[in-house]
Amino acid sequence: MDQCTSSAIGNGHPSGYPAMVRLNTHLQPEPILYFGNRMLSELCPPLKRLMPDRAYLITNAKLLALYGHEIEQTLYDNGIQCVVVQIEDGEDRKNFRTLESLCERLVEQNISKASVILGLGGGCLTNIAGLAAGLIFRGIHYVEMPTTLMGITDSCLSNKQAINGKHGKNHFGMYYAPSFLFADTHYLVSEPLESKKAAIVEGLKNGFISDAGLLDYLQAALQRPLASYTELQFHDLAYRIICSKLKILARDPSERASALTLEYGHTFGHAIEFLSHGKVHHGIAVAKGMCIAAELGCRLGLIPRELADRHTNLLGALLGLDLSIPEEIGVDDILAVIDTDNKKTAGGTKFVLLKKAGECLNPDGDFQVFVEPAVIRSVLTEYKCRFAPRTPSAA
């Protein structure tokens, strides 16, 4: 039976909060996803099965104050020694300097081959922690504990760990599977609304590439202001988005074939995010990137104008995102970063493009399409003129 046929909200426990569910991620190797709400008491049993000599909790100062001390105490209460290591995170810290500093600090604090790293944070922090786990002593146990809607519904559902380089995003990394994933939607209560919107972008992306029905569900869900959502309503929304991605991963556990469609909008989006030096959130950059990719598909005659317009309506009018390319980022800048994209091949950079709502093109078996650079330049130039940056009063 499909593990996502019923809502995780349905079977609650006596506290009134949803019971924790155990979901198969289909990844290779496969970390199990433990998903629930206010489920910290469930962390130690799977953690103890790893038989760690100690746990190293990697997080930032804000999350340590909000949740880290409680996690630390829970571990101690269950006989697990915990060492807290604080780092600064964010796109401008997702680099070799931060990674090297973290690895050296962990070695100085007597981490061993029998230790486990817990990464508590958003996608940037968990990428750094996951990569450190893969590098130290050629690999130790890693448990990912995402604290953002993006982390819970998207970035944790991948074995990819990476940092940025001087010329672009995620240039250096590896596939390294966590021992398990621990996604508690209670942590979302402290996440800003704009960050949650950025995560919903990835849910809409899943709909555009694989599940037209999800687009309809999210379009209906977004008729109600996100600011009015309760903790449990965000929990249910997260579950629906998770299930949409798990269906994609079930078809391609390797993340190297049909799951490459998850990169829809990311080639343009990563360039904008990188060039903004982290000022444009990953999800917002992907929203811009999907709209540009839709315009490219429309220009090439691959999709109708109505489908391209649905991108801007859902992401702009309904979700309320600024879809413009920042004024200080030029077309030449974007093209230069795209030329170093991590999906580049000997023939050049390829793009994930739609065939229709819920399905991507697959002309060569890798779900990607070569496009002439002159066409890309033309589409970017037209897009930048069409979507002018918002003024502060209009934001």
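If you check Leu249, Leu300, Leu204 for being open to solvent by 10 Å² or more (accessible area, probe 1.4 Å) and touching a residue at least 60 places away in the same chain (Cβ under 8 Å), only one passes: Leu300. Among residues of the stretch 254-284 being touching a residue at least 24 places away in the same chain (Cβ under 8 Å) and touching a Pro at 6+ places or on another chain (Cβ under 9 Å), the one that is most open to solvent (accessible area, probe 1.4 Å) is Lys279.
Residue by residue, here is whether (1) aliphatic (A, V, I, L, M); (2) within 15 Å of Val352 (Cβ to Cβ); (3) at pLDDT 95 or above; (4) over 17 Å from the mean Cα position of the chain (by Cα) holds:
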{"position": "Leu204", "(1), (2), (3), (4)": "yes, yes, yes, no"}
{"position": "Thr230", "(1), (2), (3), (4)": "no, no, yes, yes"}
{"position": "Ile241", "(1), (2), (3), (4)": "yes, no, yes, no"}
{"position": "Glu255", "(1), (2), (3), (4)": "no, yes, no, no"}
{"position": "Ala259", "(1), (2), (3), (4)": "yes, yes, no, no"}
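The condition of being out of contact with any Ser or Thr (no Cβ under 8 Å at 6 or more places or on another chain) and farther than 20 Å from Asn127 by Cα holds for only one of Leu275, Leu260, Leu321, that being Leu321.
Residue pairs whose Cβ atoms lie under 7 Å apart, sitting 6 or more positions apart in sequence or on different chains, and linking a residue in the stretch 169-180 that is open to solvent by 30 Å² or more (accessible area, probe 1.4 Å) to a partner that is of a type in the set (D, E, K, R), are Gly173/Lys160; Tyr175/Lys160. Being over 22 Å from His26 (Cβ atoms), part of a helix (DSSP H, G or I) and open to solvent by less than 10 Å² (accessible area, probe 1.4 Å) is the requirement here; does Leu215 meet it? Criteria met by Leu215. Just to be sure before I move on: is Gly16 open to solvent by less than 60 Å² (accessible area, probe 1.4 Å) and either assigned to a loop (DSSP other than H, G, I, E, B) or at pLDDT below 95 (or both) in the structure I sent? Yes: the conditions hold for Gly16.
The values are calculated or read from the model by the stated rules, or taken from the named source; none is laboratory data. Here the structure is a predicted model, which is why all the values come from computation and not from measurement. Here the Cβ is made from the backbone with ideal geometry for all residues, glycine too, and neighbour counts use every protein chain on show. What goes into the accessible areas is simple: the full protein's heavy atoms, side chains included, and nothing from ligands, DNA or RNA. Shrake-Rupley method; radii C 1.70, N 1.55, O 1.52, S 1.80 Å.
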